[in-house]
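Some notes on the structure that comes next.
The values are calculated or read from the model by the stated rules, or taken from the named source; none is laboratory data. This is a predicted model, so every value here is computed, not measured. Here the Cβ is made from the backbone with ideal geometry for all residues, glycine too, and neighbour counts use every protein chain on show. SASA here: full protein model, heavy atoms, side chains in, ligands and nucleic acids out. Shrake-Rupley method; radii C 1.70, N 1.55, O 1.52, S 1.80 Å.
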Amino acid sequence: MDIFELTKALMNIPSVSGGEEAVGFFLRDHLSSLGWNVEMQPVSPTQNNVIATLNENPRVWLSTHMDTVPPFIPPTEDDEKIYGRGACDAKGIIAAQITAAEALKKEGISDIGLLYTVEEERASTGAKAVNMHPLAAKCEYMINGEPTDNDLAIGSKGSFRLLVKTSGKAAHSAYPEEGDSAIETLLDILEDIRHTHFPHDDFFGETTVNIGTIDGGIALNVIPPKAEAGLLIRLTTKREPIEQALESVIRGRGDIEVLSCSEPVKMLPIEGFSQKVVRFTTDIPHMPNWGKPLLLGPGSILVAHTKDEYVLKKDLIEASELYVSLAKKLLG
Ligand SMILES: [Zn+2]
């Protein structure tokens, strides 16, 4: 199977977060047939991380995630591109990494491992589960794959997910003076958040806030007693100063419920590779035991998670060559 066939075969198996079992079995069978030792690490009754090695304790690992965002979009192609869900995030990356690992194997280099996780797109539960795996102790470098346009990402912003919750007092809407609208309080808080300049960082850039969801109220004729908004803040600093800034904007008018947080990470710069900082987060903050992290992959984050997701075929080939040269450089 060549790199394009492997990309399409992986894309043909739906694996929206939580439903990665079949694609994991496919990878197990494919890698076993190529001579890899494959371990399926259970993460939940229907989810397994795939861990493949050639020798006992590889020093350099290639990794990415098997899950995708919804909806499933089957692969199509033309001469230049492969289109569909997972083309660049991240099934094309899995194919490029396996192609690179096979090329290294053919050159007699066996000091490499392959790691494919579940649920990166939700809460990185696969990465969290694999962090304590005994093989982590011998890993010196973890080359993670996400769409970076084949540049070496030397930094990635963090991701802070939280709810802002307000409460009020329900009343008949004809007698608003009898109630207290949780939605109006929430709107005031959100307006203040939109005009807040959060701390930023010269290396990582601006801290940005997305008000992603708003929920609240009971009926059109009831003063709403409860409301909440879901925020995703792209962190460029530690969490504390941002949380403090939020508290001082909210000024007791509502409560913060933290859903998850991964802080910004610096990754290994390597001479000879074009470098940049990316704004998205990855599995890397959840796998601190797996050596020094690097991040590179084919395709653009700007098309990942969209209905128009694609990857250039030439970028898949280039990525597999870049993984080979990175691995060789790291192995010395
Ligand atoms: Zn991804």
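Listing for the model above:
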{"quantity": "Complete set of residues in segment 185-200 that are assigned to a loop (DSSP other than H, G, I, E, B) and buried (at least 16 other Cβ atoms within 10 Å of the Cβ)", "calculated": "Phe198"}
{"quantity": "Boolean, Ser33 is surrounded by fewer than 20 Cβ atoms within 10 Å (Cβ to Cβ), away from the ligand (no atom under 16 Å from the Cβ) and under 19 Å from Tyr141 (Cα atoms)", "calculated": "no"}
{"quantity": "Listing of strands (runs of 3 or more DSSP E) fully contained in segment 269-332 that carry 1 or more residues being open to solvent by less than 70 Å² (accessible area, probe 1.4 Å), modelled with pLDDT of 95 or more and outside the structural domain of Ser124 (by TED's automatic domain parsing)", "calculated": "none"}
{"quantity": "Total residues in segment 42-55, condition not hydroxyl-bearing (Ser, Thr, Tyr) and not in a strand (DSSP E or B)", "calculated": "3"}
{"quantity": "Residues of segment 63-117 that turn out to be of a type in the set (D, E, K, R) and more than 28 Å from Asn131 (Cβ to Cβ), as a count", "calculated": "7"}
{"quantity": "Qualifying positions in segment 109-128 - charged (D, E, K, R) and within 13 Å of the ligand (Cβ to nearest atom)", "calculated": "Glu119, Glu120, Glu121, Arg122"}
{"quantity": "Residues of segment 224-250 classified as in contact with a Pro (Cβ under 6 Å, 6 or more places away or on another chain) and not hydroxyl-bearing (Ser, Thr, Tyr), total", "calculated": "2"}
{"quantity": "Test for Lys106: is it more than 16 Å from the ligand (Cβ to nearest atom) and at negative phi", "calculated": "yes"}
{"quantity": "Lone qualifier among Leu135, Leu186, Leu162 - being away from the ligand (no atom under 16 Å from the Cβ) and either among the basic types (Lys, Arg) or within 24 Å of Val278 (Cα to Cα) (or both)", "calculated": "Leu162"}
{"quantity": "Condition check for Thr213: of a type in the set (Val, Ile, Thr), surrounded by fewer than 18 Cβ atoms within 10 Å (Cβ to Cβ), part of a loop (DSSP other than H, G, I, E, B) and on the phi < 0 side of the Ramachandran plot", "calculated": "no"}
{"quantity": "Residue in segment 302-318 that is away from the ligand (no atom under 12 Å from the Cβ) and of a type in the set (Gly, Ala, Ser) present", "calculated": "no"}
{"quantity": "Close pairs (7 angstrom Cβ cut-off, 6 or more residues apart or separate chains): under 17 Å from Thr76 (Cβ atoms) in segment 301-315, among the basic types (Lys, Arg) and open to solvent by 60 Å² or more (accessible area, probe 1.4 Å) anywhere", "calculated": "none"}
{"quantity": "Subset of segment 44-55 (residues that are small (Gly, Ala, Ser) and either crowded, with 24+ Cβ neighbours inside 10 Å or modelled with pLDDT under 95 (or both))", "calculated": "Ala52"}
